[in-house]
Every structure is written in structure tokens, then in C-alpha cells.
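Below is one structure, written out as C-alpha cells; comments come after it.
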Amino acid sequence: QLVYPYDFRLTEKEKTSICYLSFPDSYSGGLGDTQFSFRLRQSGGQRTTHYEDDGEYNREAPLTLQRDSAHYFGYVYFRQVKDSSMKRGYFQKSLVLVSRLPYVNLFQSLLQLIAPEYFDKLEPCLEAVCNEIDQWPPPVPGQTLNLPVMGVVIQVRIPSRVDKPGSSPVKQFNQENLLPAPLVLPSIHELDLFRCFQPVLIHIQMLWELMLLGEPIVVMAPSPTVSSEMVLSLTSCLAPLRYCCDYRPYFTIHDSEFKEYTTRTQAPPNIVVGVTNPFFIKTLQHWPHILRVGELRMSGDLPKQVKVKKLAKLKTLDTKPGIYTSYKTFLHKDKTLIKRLLKGIQRKRPSEVQSALLRRHLLELTQSFIIPLEHYIASLMPLQRAITPWKNPPQIRPFRQEDFMKTLEHAGPQLTCVLKGDWLGLYRRFFKSPNFDGWYRQRHKEMTQKLEALHLEAICEANIVAWMKDKSEVEIVDLVLKLREKLVRARCQHLPVKEETLQRVSLYIETIIGSLPEDLQTVLHHH
């Protein structure tokens, strides 16, 4: 019915997708308000964003919270109430906030404030809210922001890449005598993992492995809320490692990718997809891992844990909750984690404390797995003394899986992790996954930039005048052009180089040009 701000351009395809994704697609008898999220592939090419500082934000934000240039997130507030004046006998409407940022807690909290007002006062309400949001500062990683909206101030900290993983959000909120007292969000994006994973706690190990390996997973849930929370919780399992596969917190049969995902002519894609329509039990039967969950209820004791079942059992529409898969885990279950969580339930420990335990466990597991890879890849960096000013910087040595495997005997995950099992098999399988590819590319890019930076520093330290003594004009001009290109690249790619280094290189270039005949100087100054 309405897009606000008006000048926001969406393609027809995107509009249609957003409409379908904004409503529960299977009968939901539940009246009242529900909230859920979806993620949508952008169609129709790149669009310029309002954010020229995208690069800067993405460099400083954790990899898992970067702005996504190819997808939109949709945050939905859906209201369904009886209304005899409507043709269907119900009032059904959704207010959807669309963003490239995965700040699920911030945007869902914002919708809780805006949506009830909007259903009451309609467009003028949105106009007022957008005027306030326009005044908000941009998200700067590491900063705590106060965001005023509708008479409330939301206070939230934007995480930064340099935060220590697993450290709890800093409680240094300076109240600055804010009146009314602000609505403080403990995290901008972290869900209540314990609540989401309640029915599958004893299988957390298996789910972590499936996510690590980028396996195709279907989450079948009773509602878009459960489906989207479960998918987002799964994708957050690997932090600080970035989950590099596609994921759809909520997916409907009207989706433009429906054919792509349900075809049986090729293997299912590496993606986690959340669905609620029972029709999917038929169409996604050939997927290797299907997690069927019921409604999430917080109860005083450990909820019934789902069982792992054979895929062949997944036939009927009244399929029981369970993990339908033939996957055998590489690592053994962590009994101590389950015991600690059970103790927490008996002692009525708050859910956020249980979630923190769970998150810490997953973090330690991921770090045990990744640290040997980080050590090995660091050893592929050329020695600093091999970087000389007048030669191109040496290459990073190639990643050889067998060489890496040899390092595991004395420096493997067993040093930091008590879990026994076939770690080697897990690494071999990981090498075939998009998550390894994404991790390797990111590291390789960072190392290449570090080499470039070290090379620039080596040039700064060098004695240029001595080098020029026995060089021809052609060689000198060639050096000028190369140095210039290096400077441009350093600035464009924001290489980790001190500003004074760059200025010294500029000065060098001027000095070298100054030593050349005047006709060449003119050419180089215009070049």
C-alpha cells in the first residue's frame, strides 16, 4: 500500500517478494501481533546507496555484521485481529522495515514502538518517525548510540571488529541524565540462543558441524517467528567465523527462487532455509538435513529433546519434530555442556545467562577449529627480510591442505578443545565448503594488503638517491609511475599504512621527478 520514504526505489520483483514474505503463508489461527524476519536477494543490478561510507563501516564492523550489498533484510510486524467490516472477517496488516544491516534486535524493538502507532494513525506516524530516524547518527563500530524515536531513546552499542570475541557488551553506558531513562538493548543483533535451541540442545554439536560445512538445511517450523529465529540462530553459531552460504530465515512457495531450491535435477544449494508451509515437506524431501521444530515454549524444565531420524520417515504432513538426516558427526557430543545447561534449568537461571553459556561454548569450539588454520596461514607469509624496496613484494605461499594436516599432530584443536573425534575428517570436509573458501579469501586479501604496506615502508626506508645514480631515465620514469600507482592503491584500498609513510612516498616521487630533465618533468606532472 505504501513505501516510505517515497523515493526508495524497489523493482517490481522485489515489491512482490516483500509482499509475500510479509505474511504467514500457512494458516495461522493466532490472533494478535507477531514479529519475524526475512532476507531477500536484491534484483535488478547494483543501486547506489545513501551510504558513501559503506567501505569504512564494513572495514571496522565484525564480518558477521557487515552491510550486505546483494541482499535486503526485512523485519516484519504482522497484526491479525477480528474485524467484521473486512471481507475476510479479519484485519491483517504488516509493517516492514527494510535494511541492509542485520541488526535484528534493534529493528524489531523499533517496530514494537512504531507499528502499534502506525496501525492507529497511519501515514502521518511514519512521516514523523522517518524525520526522527533521519537525524540518527550513522552506525560507527565501537560507539554507543542514543537513538530518539517517539518519545523514547533507544540506547545501543555497535559492535566492532576489535572487540574481544565472547566478551559481554560493555556496561559503560553513560546515562548523561537522559530523561526519560533510555531503553537499553544489551545487544544489537544477538538472539536468545537458549530459547531458540531448547528442543535441540543435545544435538548442538551436530548442528554446529552442519553449519560449519555449509550443508543444505531446511528448518520446518509452525510459524515465521520460529522459523526466522531458528535460522538466524543457526547462522550465528560460527561466530567469529563468517557463515558464507546463503540463508533465508523465512521462505514461501511464491519466492522467485522456489524452482531453484525444489528442483531434483541438481543437488540442493548450500543454504539454510526456514519454511512453515506443510507443502514443503513434499517438495524438499530430497534435501539431506531437515530440522522440524514445534512452537518454542519457555518452561521450567528441559523441553522434550527431538530425536535424530532417518529421512525416509519424513513422509506425512503430521511429521513429528526431529532432525531428519543420515549425517554422522565427526566429533563426539559434549556431555558437560548439557549438564551445565540442565543445572541452569533446575536452578531457574535466567535465559540470557544460559544463552551466554551456549554462545561461549560455540565460540570456543569454533576457535579450537580455526586457530590451527590461522597459525598455518600465517606461516605462508614471506619473511620480512625478503621484502626489498626495488623488487615487487614476494608472493604468499600457496595453501597446501596436506601440509596443513601435518601441523595438526602437534598443534591441532586437541590443545584447546576436550572434544574427541575425527578432527582430520572434519577439516577435509570443511575444505570443500563455501565457508573455507570465504575464510581463505578474506585472509589472503588481508595478507596481500599487509605485504603491500610493508613494501611501501621498505621504500620509505630506502636510499633513493643512491639507487638513482646508475639508472637510465627510462628506469627512473618507470619507478615514478610504479610508485604513483602504489600510492593510489594504498589510498583506494585503505591499506594498513601510516599516513606519514604515504606522505614520504609522495615526497620521494617529487624528489625523483625534480632530478629529471625539464621536458620529462612536464610530462610526468601532467601524467
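The values are calculated or read from the model by the stated rules, or taken from the named source; none is laboratory data. Only a predicted model underlies this, so the values are computations on that prediction, with no experimental measurement involved. All Cβ positions, even for glycine, are placed from backbone atoms using ideal geometry, and neighbour counts span all protein chains on display. Only protein heavy atoms, including side chains, enter the accessible area calculation; ligands, DNA and RNA are left aside. Shrake-Rupley method; radii C 1.70, N 1.55, O 1.52, S 1.80 Å.
Looking only at region 74-109, filter to residues that are part of a helix (DSSP H, G or I) and under 17 Å from T225 (Cβ atoms); which one of those is nearest to the chain's Cα centre (by Cα)?
V104
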(request) Tell me, yes or no, whether region 41-63 has at least one residue that is under 28 Å from S187 (Cβ atoms), touching a Phe, Trp or Tyr at 6+ places or on another chain (Cβ under 7 Å) and modelled with pLDDT of 90 or more. (result) no
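To keep it simple, each residue is scored yes or no on (1) within 26 Å of the chain's Cα centre (by Cα); (2) outside the structural domain of M405 (by the TED database).
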position: K420; (1), (2): no, no
position: L424; (1), (2): no, no
position: R443; (1), (2): yes, yes
position: M447; (1), (2): yes, yes
position: N463; (1), (2): no, yes
position: D470; (1), (2): no, yes
position: Q503; (1), (2): no, yes
position: S506; (1), (2): no, yes
position: E518; (1), (2): no, yes
(message) Being touching a helix residue (DSSP H, G or I) at 6+ places or on another chain (Cβ under 6 Å) and farther than 25 Å from T522 by Cβ is the filter here; which residues of region 460-483 pass it?
(response) C460
(message) If E452 meets every condition in (1) among the acidic types (D, E); (2) open to solvent by 40 Å² or more (accessible area, probe 1.4 Å); (3) out of contact with any helix residue (DSSP H, G or I) (no Cβ under 6 Å at 6 or more places or on another chain) apart from one, which number is that one?
(response) (2)
(request) Evaluate the following for K482: is it part of a loop (DSSP other than H, G, I, E, B) and open to solvent by 40 Å² or more (accessible area, probe 1.4 Å)? (result) no
(message) With the requirement that a residue be hydrophobic (A, V, I, L, M, F, W, C) and either surrounded by fewer than 16 Cβ atoms within 10 Å (Cβ to Cβ) or closer than 17 Å to E364 by Cα (or both), what does region 414-430 give you?
(response) L415, C417, V418, L419, W423, L424, L426
(request) For region 208-220, indicate whether the set of residues that are surrounded by fewer than 18 Cβ atoms within 10 Å (Cβ to Cβ) and in contact (Cβ under 8 Å) with a residue 12 or more places away in the chain is non-empty. (result) no
